[in-house]
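Asker: Sharing a structure here in structure tokens format.
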Amino acid sequence: MTKESLMNFYLDYIQPLFKNRKSLIGLIILLIYILMATVGAAVIPLDMNSNFAERYQKPSLKHPFGTDYFGVDIFQQIVHGSRAVISLTLLASFLAVLIGTIVGVARGYLEGIAGKIIDVIIMVFLVIPSFPALLILSAIFMDKDLNVLQIALLVAIWLWAPLAKQISAQVLSIKTRDFIEASKILNMPLRYILFNDIVKLLIPYIFINFVMQIKGAMEFSVGLMFLGLAKFDPTHWGIMLNYALYQAGALYTTQGFHYLFFVILNIVLLIYGGILLSQGIEEIFNPRVRGNE
Amino acid sequence: MNYFINRVIYLLAVFVIAVSGIFVLVNNMPGDPAYGLAVSIAQQRNMQIEQALEIARSMMGIDPDESLLTRYGKFMSNLLKGNLGYSAFYNTSVNDIISKSLPWTIFVISLATLLSFVVGIFLGALAAQKRGTVIEWIISTVSSIIQAIPPFILAVLILFVFSVTLRLLPLGGAYPVDVEPSFSFEFIYKMFLHALGPMLATAIPQMASWTLAMRGNTSQIMEEDFIRFAEIRGLRDSVIARKYIRNNAVLPLVASLAIGVGYMLGGHTLVESIFNYPGIGFYFGKAIAVRDFGLLTGLFTLIVIGVIVATFIADFVYSLIDPRVKLK
Amino acid sequence: MNSLIKVENLRAVYLVREGTIKAADGISFDVQENSVTAIVGESASGKSTIIEAMTRTLPPNGRLLEGKVLYKGKDLLALKKEEFRRIKWKEIALVPQAAQQSLNPTMKIIDHFKDTIEAHRINWSHDQLIQKASEKLEMVRLNPDAVLYSYPMQLSGGMKQRVLIALALLLDPEVLILDEPTSALDVLTQAYIVQLLKELKKKLNITLIFVTHDIAIAAELADKVAVIYAGNIVEYNSVFRIFKNPLHPYTKGLLGSIMAINADMSKIKPIPGAPPSLLTPPSGCRFHPRCEHAMDICKKEKPPLITVEDGAQVACHLYSQGGRKDA
């Protein structure tokens, strides 16, 4: 890792992200939430004590997002909840991409029956509707206390398949390209062929996919929490959503709307940040997609 | 023909693996599958739980001493006969529940598919044509934002805004309780009204996705040489837009129609629960809540069948309309 | 003989991120009725730009700065879009490069013909259409029964190219313009197409203009040749005289660098240097950096295209009206 190769890496992959408007905004949004999860949660206190006198207060200077049914400040909960949300989502996305890449590359490399078997497995996970399957899986484990890694894995199981399919298709087509043949002819070891040539070409895909997984991982994990199917940090936004809707009867009175509103706002904003970033990355690597220039 | 036989075998294999996987998973978890039913029987008939368990087991056709393999065998043979299992909570066959609820889900999903596809295609083509204008920017940005809203959250918002606050739409159910089910205009009208909420919650996210996909396709096609050649030949813009651009751009989207239906079915589960709409998703949610694994497995099998059939039909239809595939 | 088409001072550029590419820098030439004119130049010399500008088919980043294309007394570039659309194809037909992608993949060939006549409000009956289309397909040596009801992907590259030509001839145009009719084809098919064009030239009363980088094709088909270098016509002469007695240094260099099977390898001289960037073209005569006869004036002033003798035209400071300046 010479200084020069680092510089090249920065110029090729990192700098374009700052120049493209969409990816820049997306990055900023994600960074805000990551900051919220790391610094914010440490800085802002969390007072979960019920204070019925203050319940359902509208947003004000004292309570930027208002208070919930129990009089607890919503803003504090959001900030603290971001820790759970970000860690779970990023972990799930990472795992999904990891599994997807490994399976995809393996499939691309294996021919014959082994390859076909992997194909079927990928297809199985593509065909099974992910969210219902996730629900079933969680219902099975409902009684157990799961840690972040386990929940992330549960979610990731239903996210890796599309990436695996894409990657396997790419690897299969790349395999026939001339320079890989050249590597083989020059007798370079298999590992060299595998990593240097193929992985380099796949990096944009993987990157885009990781960011897009944020949307899927968020939807699934928030959905899980919303249904109360996984015991987790009670400040997780999905669980807050559950409280907002079901426990506190926000549905039947318009009083509690701000509660619902702010939780939803943050969920949507975070996902949107991910979408913007992935759209920006797509524009960078596929110039045809750009809108007006 | 060969291609189709291959495809059928392939999808069949996928189906078997998927369903078996879920069966094994569900049946391997700790706890007695007959427990739920036994509890309600014991309560109803005021008997000891052990007796109730026996009755429950015989009702569900479960023998506790059976190995997983035998149970699996019974499950698969039942499946071949068309029997999807037994619901402990509702104390009736899964097929029974399906016959009550499937029509509603099909009703909503069909409407949602139609709406999202047609409107999505239209908006996407529009956005591509008016590239660089405010209209395109609005369509693209709004579609992206919609994509950021998970379907069930959209459902909550729709429910809240239209039903609770504005009182425009009913709060739940497939049809109002105060009107007699019949073919009267009032009933049919109310039926659509009740379906509107779930339909929109499912259709809108999918619509956004079609819009962006169509915009992408159309933009790409517009730069193709054959468009240029059509212009050179003096063809009118409207003809080019229709026959050359749109037809070519829509084709790949038809192929992904099945996948779209799959996604909609997936998110629909929660949507129905939120709207209390008595379709497959609603009962699925209920089964999760009360841990009725018989019902869960049965409904899940049904959903997998549905997705596979949809995939197959979409493949078939696509091969008919795309000449490039037709002739292979 | 009267000129059917008169191009006057055509200037066109392409807008790119780095600036503007000055691709057509004051092109003027005449095309006589029923003649075959070849526009010859290297890649990126601006020869396609001329065609694009003339037929109003510049790409989205192309801009026509000035110029006139007079056809039957009308300036094609000044016509309203709808008026031009009606002349397009009926009188002047353009066969673009890269036939591979020019046909709609989801439409049969017969439908392409149908679309074409419908666009020009021609009321042929279905049978008439088939008959006319078959006629044109036979003219390009294709079998109508096999081709008419096929989809583009079922045809080879050479066949598709010929379909384009048949489509171009459908409405019996006065002018047929071909952009690189033989590139992207294998040598055998190339020969075939050249044969075909020769036949068409004999059989039909048609004016042919084609663009190519292959001098040999020009030699076989053309009556007059216009040599393009860096966006300018440097020489415009009859094909015979260009080969016998090239005037412009570039033309001489071009002919000197061609390999012929029976030529003496030692006599082949490539032109030193490389074609200039049209983004920042050289001052004055754009060929001066590579020209062995370059003089001071060549760097400062761009030589105009002047008629030297017997209708030969050249743009070079070595020549003045009526003859060569130096011995």
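Asker: Among the lysines, which fall within straight-line cross-link reach of C:Lys302, defined as a Cα-Cα distance under 18 Å, with same-chain neighbours fewer than 8 residues apart omitted?
Answerer: Partners found: C:Lys22, C:Lys325.
Asker: Report, by chain and number, residues whose modeled amide H sits under 5 Å from the one on B:Tyr86, excluding near sequence neighbours (fewer than 5 apart, same chain).
Answerer: Close amide H contacts, sequence-distant or interchain: B:Val94.
Asker: While we're here: Pick from C:Ile209, C:Ile21, C:Ile50 the residue whose mean-square fluctuation is largest in a GNM of chain C, springs joining Cα atoms under 10 Å.
Answerer: With Cα springs under 10 Å in chain C, the top fluctuation among C:Ile209, C:Ile21, C:Ile50 is at C:Ile21.
Asker: As a quick test, which of the pairs A:Lys19/B:Lys243; B:Lys81/B:Lys286; C:Lys72/C:Lys299; C:Lys114/C:Lys198; A:Lys165/A:Lys215; B:Lys130/C:Lys132 have an alpha carbon distance above 29 angstrom in this structure? Mind dumping the intermediate values first?
Answerer: Numbers: A:Lys19/B:Lys243 38 Å; B:Lys81/B:Lys286 26 Å; C:Lys72/C:Lys299 38 Å; C:Lys114/C:Lys198 27 Å; A:Lys165/A:Lys215 19 Å; B:Lys130/C:Lys132 38 Å.
Check vs 29 Å cut-off fails for A:Lys19/B:Lys243; C:Lys72/C:Lys299; B:Lys130/C:Lys132.
Asker: Could you list which residues have their amide H under 5 Å from that of C:Ile39, counting only those 5 or more apart in sequence or on another chain, with H placed in the peptide plane?
Answerer: HN-HN under 5 Å from C:Ile39: C:Phe210, C:Val211, C:Thr212, C:Ala226.
Asker: Please compare each pair in C:Lys6/C:Lys80; C:Lys47/C:Lys252; C:Lys74/C:Lys202 to a cut-off of 23 Å on the Cα-Cα distance and tell me which ones are over it. Display every interim value, and only then the final one.
Answerer: Working: C:Lys6/C:Lys80 19 Å; C:Lys47/C:Lys252 19 Å; C:Lys74/C:Lys202 28 Å.
Beyond 23 Å: C:Lys74/C:Lys202.
Asker: On the Cα set of chain C, report Rg and Dmax in Å, please.
Answerer: 20.7, 67
Asker: Right, next: Which of C:His293, C:His213, C:His126 moves most in a GNM of chain C, Cα contacts under 10 Å?
Answerer: Of C:His293, C:His213, C:His126, the Gaussian network model singles out C:His126 as fluctuating most.
Asker: Another one. Output ³J(HN,Hα) for the stretch C:299-305: one whole-Hz value per residue in order, computed from phi by the Karplus curve 6.51 cos²θ - 1.76 cosθ + 1.60 with θ = phi - 60°, and x for Gly and Pro.
Answerer: Coupling constants for the stretch C:299-305: 6, 9, 10, 7, x, x, 7 Hz.
Asker: Right, something else. If packing is taken as the average number of other Cβ atoms within 10 Å across a peptide's residues, how do C:226-237, B:69-80, A:22-33 rank, most packed first?
Answerer: Values: C:226-237: 26.0, B:69-80: 13.5, A:22-33: 17.8.
Answer by packing, highest mean first, reads C:226-237, A:22-33, B:69-80.
Asker: Got the relative contact order for chain C handy, in percent, Cα pairs under 8 Å and 6 or more residues apart? Walk me through the numbers before you get to the answer.
Answerer: On the way: 570 pairs, mean separation 62.9, N = 327.
For chain C, the relative contact order is 19 percent.
Asker: Between B:Asn46 and B:Leu25, what is the FRET efficiency for a Förster distance of 41 Å, r being their Cβ-Cβ separation, to the nearest 0.05? Write down the numbers at each step before the final one.
Answerer: Working: r = 35 Å, r/R0 = 0.85.
The formula returns an efficiency of 0.70 here.
Coordinate-derived values only; no laboratory data. Note that the structure is predicted; figures quoted are calculated from it, not measured. Using ideal geometry, Cβ is built from the backbone for each residue, glycine included, and neighbour counts are taken over all protein chains shown.
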